[in-house]
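**Q** Quick one: the structure is below, and I'll ask about it shortly.
The values are calculated or read from the model by the stated rules, or taken from the named source; none is laboratory data. These numbers come from a predicted model, not from an experiment. Glycine also receives a Cβ, built like all others from the backbone with ideal geometry; neighbour counts cover every protein chain displayed.
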Protein chains: 2
Amino acid sequence: MSFTPSAAVPRPLRRDAEQNRQRIMAAAREVFAQRGFDATLDEIADNAGLGVGTVYRRFPNKAALIDALFEESFARILELARAAAEQPDAWQGLVGLLSSLSELQAADRGLRDLMLSQRVSETRAAQLRDTMKPVLDPMVRRAQEQGALRCDFAAVDIPILQLMIAVACDFTRSSDPENWQRYLVLVLDALCQRRDGPTPLPRPALDEDTMEQAMRDWPAAKRG
Amino acid sequence: MSFTPSAAVPRPLRRDAEQNRQRIMAAAREVFAQRGFDATLDEIADNAGLGVGTVYRRFPNKAALIDALFEESFARILELARAAAEQPDAWQGLVGLLSSLSELQAADRGLRDLMLSQRVSETRAAQLRDTMKPVLDPMVRRAQEQGALRCDFAAVDIPILQLMIAVACDFTRSSDPENWQRYLVLVLDALCQRRDGPTPLPRPALDEDTMEQAMRDWPAAKRG
DNA sequence: CGCGAATCGGAGGTAGCATCTCCGGTTAGC
DNA sequence: GCTAACCGGAGATGCTACCTCCGATTCGCG
């Protein structure tokens, strides 16, 4: 039993190979961020300026590549959750967390696929859930005890709300990639215990033409 | 120039053919309701107890079949919208409309694909939008004037909220197909101008195991 | 410098899936 | 009974994504 993370490496990669491995990872980060996990490995290879074969020698398959990138993204998400949970005002913490997560997933589709367990291995998904739960649960309870968060809310609702915001984001992004903020604030107004008036929405509603175009551009509407 | 809708029908279908046409339509209604518009015509043919060839002789392609079913579904949606718009209490009308639409789309995925313009011909989608707009716009304005609906809400937000509820519905349906109601009420609480406390949520949050299973069963998470 | 092992490129093999066609066999109905 | 209309469903077609293969190239040790 070895305690070093990289045990029994028979031989380090040749220098060019190692450099290409880095390039592949970088390209994967970028391409996955834009297109999500259903981007092709061919795309990633192109983006890295390499052939697909090179990618496949370094990573046995697509899942392995995603897995190799998992740790760093996972750490980013966990970091946000921890920071949010440490806020004295738990409601502010929750608001901040939902905002940051929405922003991340709006900017990086791969991260979103990760958060929402799309095309992530079952093990990884479970790992993420198990790590997040003990961080989120107390924060939610505290926000409720402090009287700011509605008491019928539950921590498991968080991913579902993220999913809802993600869809709104996808749908409205073509006209302005920041339009998701409107729907985030709407959701937050749903979560608070009581309020005298609406929180001002940070973005205007889509106008007629934009809406029409959004329906066309929307990837999920593939024609029938 | 003829004013009859079915002009120049060269000859009525043979009796067995006409009966099969009905069977196909019925099967399509059922299968589309369960699986949405990406159900295969092969599935529909099976369900109708016929071969695919028969379906394709009657309808030149899948889009034509969907189109043939469009009118009746379209009428149902429009009917709901009109009824909602006629309510004296416009807020109640809006709440009722969002509820009914959500219920429809939860029970019939085809209807949802129709509402959200997925795989519906551009002409049809435009037709639906143009008909709905003059019904929804005044209702929204009235609800705002009556002081119940937040003033920064817009009628174009309605389809987006439907989309959000649809996703929540998809995600949570495996454990209980009525779970969407929880998220509908959340959304409604976001829309009202002011409230002293939260509207009680009609469904409990998903429990731990259900949540885990939901992530697995979810069609959008196709594995990586 | 030279040589063998490691690496690269990217054209295609393979697989899966959905739409739609084709034609030998069947049936309605005059 | 006879013919035009109809049926069935195997498979042609088209597409897309994952992955493999092998000749050409490059690294880097001796």
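**Q** Here are B:R182, B:R124: which of them is assigned to a helix (DSSP H, G or I) and within 16 Å of the chain's Cα centre (by Cα)?
**A** None of the other options fit; the residue is B:R124.
**Q** Here is a further query. Scan region A:85-104 for residues that are surrounded by fewer than 19 Cβ atoms within 10 Å (Cβ to Cβ) and small (G, A, S) and jot them down.
**A** A:G96, A:S99, A:S100
**Q** So if I check each of B:L161, B:L101, B:L114, which one is at pLDDT 95 or above, in a helix (DSSP H, G or I) and under 21 Å from A:D170 (Cα atoms)? Write out each step before concluding.
**A** On the way: B:L101 fails: under 21 Å from A:D170 (Cα atoms); B:L114 fails: at pLDDT 95 or above.
Selected residue: B:L161, the only one of B:L161, B:L101, B:L114 that is at pLDDT 95 or above, in a helix (DSSP H, G or I) and under 21 Å from A:D170 (Cα atoms).
**Q** Next question. Any chance region B:56-63 includes a residue that's without any contact (Cβ under 8 Å) to a residue 12 or more places away in the chain and more than 16 Å from DNA strand D (Cβ to nearest atom)? Give the derivation first.
**A** Taking region B:56-63 first, the residues without any contact (Cβ under 8 Å) to a residue 12 or more places away in the chain are B:57, B:60-61.
Checking the rest, the ones that are also more than 16 Å from DNA strand D (Cβ to nearest atom) come to none.
There is no residue in region B:56-63 that is without any contact (Cβ under 8 Å) to a residue 12 or more places away in the chain and more than 16 Å from DNA strand D (Cβ to nearest atom).
**Q** Here's another thing I want to ask about it. Limited to region B:32-63, what total is found for residues that are within 11 Å of DNA strand C (Cβ to nearest atom), of a type in the set (A, V, I, L, M, F, W, C) and away from chain A (no Cβ under 13 Å)?
**A** Matching residues across region B:32-63 total 4.
Condition check ((1) under 22 Å from A:L101 (Cα atoms); (2) at the interface with chain B (Cβ under 10 Å from one of its Cβ atoms); (3) of a type in the set (A, V, I, L, M); (4) touching a Leu at 6+ places or on another chain (Cβ under 9 Å)) across all residues:
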| residue | (1), (2), (3), (4) |
| --- | --- |
| A:V135 | yes, no, yes, yes |
| A:F153 | yes, yes, no, yes |
| A:L161 | yes, yes, yes, yes |
| A:S175 | yes, no, no, yes |
| A:Y183 | yes, yes, no, yes |
| A:C192 | yes, yes, no, yes |
| A:P200 | yes, yes, no, no |
| A:P204 | yes, yes, no, no |
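**Q** Can I ask one more? Does region A:64-96 hold any residues that are within 15 Å of DNA strand C (Cβ to nearest atom) and touching a residue at least 60 places away in the same chain (Cβ under 8 Å), and which are they?
**A** none
**Q** Has region A:55-75 got at least one residue that is closer than 30 Å to A:E145 by Cβ and surrounded by fewer than 14 Cβ atoms within 10 Å (Cβ to Cβ)?
**A** Yes, because at least one residue in region A:55-75 is closer than 30 Å to A:E145 by Cβ and surrounded by fewer than 14 Cβ atoms within 10 Å (Cβ to Cβ).
**Q** Any residue that is under 21 Å from the mean Cα position of the chain (by Cα), more than 10 Å from every other protein chain (Cβ to nearest Cβ) and at pLDDT below 95 - is there at least one of those in region A:209-220?
**A** yes
**Q** Only one of (1) of a type in the set (D, E, K, R); (2) touching a Phe, Trp or Tyr at 6+ places or on another chain (Cβ under 8 Å); (3) more than 11 Å from chain B (Cβ to nearest Cβ) fails for A:R112. Which number is that?
**A** All conditions are met except number (2).
**Q** So is B:V167 within 30 Å of A:P202 (Cβ to Cβ) and within 8 Å of chain A (Cβ to nearest Cβ) or not? Can you show your working first?
**A** Numbers: within 30 Å of A:P202 (Cβ to Cβ): yes; within 8 Å of chain A (Cβ to nearest Cβ): yes.
When the stated conditions are applied, B:V167 passes them.
**Q** Would you mind telling me which numbered condition in (1) free of Cβ contacts under 8 Å to residues at least 40 places away in the same chain; (2) over 23 Å from B:P177 (Cα atoms) B:V120 fails?
**A** Only one criterion is unmet by B:V120, namely (1).
**Q** Related question: Answer yes or no as to whether A:A143 is touching a helix residue (DSSP H, G or I) at 6+ places or on another chain (Cβ under 7 Å) and either over 22 Å from B:P200 (Cα atoms) or among the hydroxyl-bearing types (S, T, Y) (or both).
**A** Judged against the criteria, A:A143 is not a match.
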